[in-house]
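Have a look at the structure below before the remarks.
The values are calculated or read from the model by the stated rules, or taken from the named source; none is laboratory data. These figures come from a predicted structure and were not determined experimentally. When we count neighbours, we look across all protein chains shown, and the Cβ atoms used for this are built from the backbone with ideal geometry, even at glycine.
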Amino acid sequence: MKIAMITTWDRQCGIAEYAKSLVSSLEKLGVDIQVFDKDNIEWRGLERCNIIHFQNQGSFWSGEWLMNVLKMLKTQNKRTIVTFHDSAVWEGFDFKNIDIAIAHREDIFKNILLSKETKQITFPMGIPEIPVKICSFGIGRNDNIAVKRICDELGFGYNIPSKWLPTKKLIEFIKSHDGVVLWYNEVGIVGSSAAARLAIACRRPLFLSNVSWFDDLDSIKTKNLYKARDLNCLKLFMESFYKNYLTIEEGFNNLAKKHKELYGRLY
């Protein structure tokens, strides 16, 4: 089974970015897929594909062109899928040569007069699954080895500054990450943590060790501040906050699994 994806590619276009995310996730699943730019289709390459999947938006091509291409593909016994990214359609368009029509919302289909032979499926618009990036700072106090181990176990990135940063640069560094961990050990003295307060000011979730140094932070009224009694608790806090923030159902990896199953049934 070889899939052809006809779409915009390598240009400033939201559907091009959608297609890249979907194709990348499909390739990770072992799907044999070839991308064809809509404005430069290699017809000989298309002949080697079993399923032709169009990523369609109303202004991409003329209805006459798409209708004729779909008709030609059916004479070659190709299976065809069209994802409609909006409800714009062409007057008089013949949908009968589409095996499966996909839309991201059910109400998109209200303007699309599909034939009885065309299967109608709603798949949500995928959400990119961007890896979580965590940072720490506070030279000499932070247990970077322990925090990195937790991040590695969760599949999160972990970064610390390679040197002391002035405040402006440190703010930029913090804001380029999804959260901050300050994991200090008890040292027999107490103080007030400027590092913790800067993380709060940068509006990033802050995960702390439950040590005396951070006791005075209890009086600060802020959301997304977590004190963990040990490293296992830290891991649970971070996993709950980030992995439950985006459900698997909404991500591109799950969307790719649905497409792979669909291709298999159609093939």
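What the table shows:
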| read-out | value |
| --- | --- |
| Single condition Leu114 does not satisfy, out of (1) touching a strand residue (DSSP E or B) at 6+ places or on another chain (Cβ under 6 Å); (2) at pLDDT 90 or above; (3) in the same structural domain as Lys258 (by TED's automatic domain parsing) | (2) |
| Evaluation of Tyr158 against (1) within 24 Å of Leu231 (Cβ to Cβ); (2) in a helix (DSSP H, G or I) (one fails), failing number | (2) |
| Of residues in the range 241-255 being touching a strand residue (DSSP E or B) at 6+ places or on another chain (Cβ under 8 Å) and farther than 23 Å from Val31 by Cα, the one modelled with the lowest pLDDT | Leu246 |
| Residues of the range 217-228 satisfying the condition of being surrounded by 10 or more Cβ atoms within 10 Å (Cβ to Cβ) and under 32 Å from the mean Cα position of the chain (by Cα) | Thr222, Asn224, Leu225, Tyr226, Lys227, Ala228 |
| In the range 129-141, the residues that are assigned to a loop (DSSP other than H, G, I, E, B) and either touching a Gly at 6+ places or on another chain (Cβ under 6 Å) or surrounded by 14 or more Cβ atoms within 10 Å (Cβ to Cβ) (or both) | Glu129, Pro131, Val132, Ser136, Phe137, Gly138, Arg141 |
| Residue among Leu262, Leu208, Leu236 that is assigned by TED's automatic domain parsing to the domain that holds Arg149 and part of a helix (DSSP H, G or I) | Leu236 |
| Any helices (runs of 4 or more DSSP H) falling wholly within the range 1-114 and containing at least 2 residues that are surrounded by fewer than 15 Cβ atoms within 10 Å (Cβ to Cβ) and within 28 Å of the chain's Cα centre (by Cα) | 14-28 |
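Residue by residue, here is whether (1) among the polar types (S, T, N, Q); (2) in contact with a Leu (Cβ under 9 Å, 6 or more places away or on another chain) holds:
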| position | (1), (2) |
| --- | --- |
| Cys49 | no, no |
| Ile52 | no, yes |
| Gln57 | yes, no |
| Trp61 | no, no |
| Phe93 | no, yes |
| Ile98 | no, yes |
| Ile102 | no, yes |
